[in-house]
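Single-structure report; data block below.
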4 protein chains.
Amino acid sequence: MSKIVIVYHSGYGHTKKVAEAVAEGASGALLVIDAEGNLPDGGWEQLAAADAIVFGSPTYMGGPSWQFKKFADASSKQWFTLAWKDKLAAGFTNSATLNGDKFSTLMYSFTLSQQHGMLWVGMGMHAPNGKAATRDDINNVGGYSGLMTTSPSDASPDEMVPGDIATAKVFGKRVAAAAAKFLKA
Amino acid sequence: MSKIVIVYHSGYGHTKKVAEAVAEGASGALLVIDAEGNLPDGGWEQLAAADAIVFGSPTYMGGPSWQFKKFADASSKQWFTLAWKDKLAAGFTNSATLNGDKFSTLMYSFTLSQQHGMLWVGMGMHAPNGKAATRDDINNVGGYSGLMTTSPSDASPDEMVPGDIATAKVFGKRVAAAAAKFLKA
Amino acid sequence: MSKIVIVYHSGYGHTKKVAEAVAEGASGALLVIDAEGNLPDGGWEQLAAADAIVFGSPTYMGGPSWQFKKFADASSKQWFTLAWKDKLAAGFTNSATLNGDKFSTLMYSFTLSQQHGMLWVGMGMHAPNGKAATRDDINNVGGYSGLMTTSPSDASPDEMVPGDIATAKVFGKRVAAAAAKFLKA
Amino acid sequence: MSKIVIVYHSGYGHTKKVAEAVAEGASGALLVIDAEGNLPDGGWEQLAAADAIVFGSPTYMGGPSWQFKKFADASSKQWFTLAWKDKLAAGFTNSATLNGDKFSTLMYSFTLSQQHGMLWVGMGMHAPNGKAATRDDINNVGGYSGLMTTSPSDASPDEMVPGDIATAKVFGKRVAAAAAKFLKA
């Protein structure tokens, strides 16, 4: 079975909820970027051993959090040797606004993956966008390059939209299926 | 008073509705890119005389419609002489999905404006994103770089969300106010 | 062996030169988008049968040519059934300016691939950027998400930088290797 | 005269060189983001009093440095009250690779400016891209949305390309001219 690591930063707990659902769907391991932008001991080794890495960050001021970017900058060590080349990559982001420049954050995670020579896998599904669609439909927020979730600015992590959490699980399964399909010899 | 031109393409009439609301808010003139990507007679002269140009396009397949892009490519004639330099620019896009890569389309319109040496003005406002927010709030979809509206895939142009149309008028006023403030000698 | 199709538009022949080199490196087939943005008879069937699709376009006015975008918009038919899901995707672009917003064009091709649910593979290599680097080094222009080439505005297709053409062959090999590695059952 | 502040982070001194040249061209003041992503005492007040803010960052791993992003995240305090609304914004970035995803960094600085409701001004000039062009021409790297400079990975700050430094001064003048033209009542 593929080793999938979900490496993420969460400022207030919402992105953590999403990360947990992605990990559940993907049968993956969680790896937390802390409030200072650092990984725990053994974190880099965990990423080195991964078949697939899923990047998660809130969208703050139109891009990934600085803690996520600090992690990205620190990965220049892996970049020098192209240590992550041909691993599978994917990404997700959460923010309070429906659209709110989430695409910018996913584009950054993609760009990071390309600096590393990774393969990128996105949602691989449509988004329900008819009049009957509700926020509880799978992929209602409507990301394609990656998972986008929306938690109102005054909602606690426990109040996240159930459909978004369900979408995160489906996205995790998508990543796992892609890893199973494309990474085995 | 500043001369503002809203140049747009609309495939099925939804973007036309938005364009009309922007024009109303901005006291601007509409200029239609037709189904073959061409402007009517006098269109280029109208743009040459404009103080501000607002670019409008649906988001199709994650970017502006080809008709809009054909217009953009044709503007290389103006680009050669930097004829639009220092005009004000702004942009809007409509699509069926809440997020749906609308940011990509706005980024393209911005990039086009920068090739031309124009100044860019965006929404200049927050987006209501609390639990009590509704789709009828001003800027509920939540664009910052430009106006984003969302019309369900099975909604007719007349069924567009009233809050989105109201937002388009507010955006038009924003562009007109910026033109009045920044373009006068 | 994987079936790789390079689908591209070329305005003046430079992108054609790059496409031919990519095809040579990838042992792939060329598929031309014509001056009206259309594919030849059998083109859509050729794409349907492909394991990997490489998107090529010049960068015009900061994005893909309108002919390429017309092709992209026409692929909404394939999008409706997710017919290209899990195919491999990659992209390249040529323009006259060293930087010149080429990244914008590659981001669009990537966004298109994600609407289709495809996997994306980029350059997977470093870019020579020391003082001793020359334009004839492999990946000297320095794309990561895809292949970037630069042909001076007054250079004929036959005058393209040899290093860029060599890079295009290496990129083609990269795509073929990724297809061989990841697409086999 | 307009108050122009160039707020920037520099990891190894190259971006500092560019910032100094921009400041000279713009008759602006320099404001340094330190190695921990913080501003000096009085930095936020300096930005509050500015008519125009120029954002500068190296491109690291395909985006702005984390220190720049930490500054951007900290500006959420100004964002809450839209304190920077209608100020003029511009941006620049330096990296070792000719192309090297610099566009991504400028897009982020632009996106940040739009969250704040600022107006954006870019290069407003062509890029020399014919066969006779050299790296010492003004805007030879070829940014449109902002200033792009390229310093080889093994070049000291004092070895930066003279044409890039000259371009930075011209860009500074461009920002000052735009401020003078558009910001006065």
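Report yes if some residue within the range C:64-74 is aromatic (Phe, Trp, Tyr), at pLDDT 95 or above and closer than 22 Å to A:LEU119 by Cα; otherwise report no. Working first, answer last.
Filtering the range C:64-74 down to residues aromatic (Phe, Trp, Tyr) leaves C:66, C:68, C:71.
Imposing the further condition that a residue be at pLDDT 95 or above reduces the set to C:66, C:68, C:71.
Now restrict to residues that are closer than 22 Å to A:LEU119 by Cα: none.
No, the conditions are met nowhere in the range C:64-74.
May I ask you to say which residue of D:GLY142, D:GLY122 is among the small types (Gly, Ala, Ser) and closer than 23 Å to D:MET1 by Cβ?
Details: D:GLY142 fails: closer than 23 Å to D:MET1 by Cβ.
Within the list D:GLY142, D:GLY122, the selection yields D:GLY122.
I want to confirm something. Restricting to the range D:34-44 and keeping residues that are out of contact with any His (no Cβ under 9 Å at 6 or more places or on another chain) and either within 17 Å of D:LYS102 (Cα to Cα) or within 14 Å of chain A (Cβ to nearest Cβ) (or both), which single residue is surrounded by the most Cβ atoms within 10 Å (Cβ to Cβ)? Outline the logic, then answer.
Narrowing the range D:34-44 to residues out of contact with any His (no Cβ under 9 Å at 6 or more places or on another chain): D:36, D:38-44.
Retained after the next criterion (residues that are either within 17 Å of D:LYS102 (Cα to Cα) or within 14 Å of chain A (Cβ to nearest Cβ) (or both)): D:36, D:38-39.
Working: D:GLU36: 7, D:ASN38: 14, D:LEU39: 19.
Looking at the filtered set, the residue picked out is D:LEU39.
Identify the residue in the range A:45-56 that is small (Gly, Ala, Ser) and assigned to a strand (DSSP E or B) and, among all such residues, is nearest to the other protein chains (Cβ to nearest Cβ). It would help to see each step written out before you state the result.
Within the range A:45-56, the subset small (Gly, Ala, Ser) is A:48-50, A:52, A:56.
Adding the requirement that they be assigned to a strand (DSSP E or B) leaves A:52, A:56.
Working: A:ALA52: 12, A:GLY56: 16 Å.
Top of the filtered list is A:ALA52.
Taking the range B:172-184, which residues are assigned to a helix (DSSP H, G or I) and surrounded by fewer than 18 Cβ atoms within 10 Å (Cβ to Cβ)?
Our first condition is that a residue be assigned to a helix (DSSP H, G or I); within the range B:172-184, this holds for B:172-182.
Within the range B:172-184, B:LYS173, B:ALA177, B:ALA180, B:LYS181 qualify.
Criterion first (among the acidic types (Asp, Glu) and more than 7 Å from every other protein chain (Cβ to nearest Cβ)) does D:ASP137 satisfy it? Talk me through it step by step, then tell me what you get.
Working: among the acidic types (Asp, Glu): yes; more than 7 Å from every other protein chain (Cβ to nearest Cβ): yes.
For D:ASP137, the condition - among the acidic types (Asp, Glu) and more than 7 Å from every other protein chain (Cβ to nearest Cβ) - is met.
Has the range B:15-33 got at least one residue that is away from every other protein chain (no Cβ under 14 Å), assigned to a loop (DSSP other than H, G, I, E, B) and modelled with pLDDT of 95 or more?
yes
Could you please find all residues in the range D:57-92 being within 8 Å of chain A (Cβ to nearest Cβ) and farther than 27 Å from A:ALA74 by Cα?
D:TRP79
Going by the structure shown, is B:LYS131 within 11 Å of chain A (Cβ to nearest Cβ), out of contact with any strand residue (DSSP E or B) (no Cβ under 6 Å at 6 or more places or on another chain) and over 17 Å from B:TYR144 (Cα atoms)?
Working: within 11 Å of chain A (Cβ to nearest Cβ): yes; out of contact with any strand residue (DSSP E or B) (no Cβ under 6 Å at 6 or more places or on another chain): yes; over 17 Å from B:TYR144 (Cα atoms): yes.
In short, yes.
Can you tell me which of (1) in contact (Cβ under 8 Å) with a residue 40 or more places away in the chain; (2) small (Gly, Ala, Ser); (3) within 9 Å of another protein chain (Cβ to nearest Cβ) is the one A:GLY117 doesn't meet?
(1)
So, B:GLY172, is that one in contact (Cβ under 8 Å) with a residue 12 or more places away in the chain, on the phi > 0 side of the Ramachandran plot and not hydroxyl-bearing (Ser, Thr, Tyr) or not?
Values: in contact (Cβ under 8 Å) with a residue 12 or more places away in the chain: yes; on the phi > 0 side of the Ramachandran plot: no; not hydroxyl-bearing (Ser, Thr, Tyr): yes.
No.
The values are calculated or read from the model by the stated rules, or taken from the named source; none is laboratory data. On a predicted model such as this, the values are computed, not experimentally measured, just so you know. Using ideal geometry, Cβ is built from the backbone for each residue, glycine included, and neighbour counts are taken over all protein chains shown.
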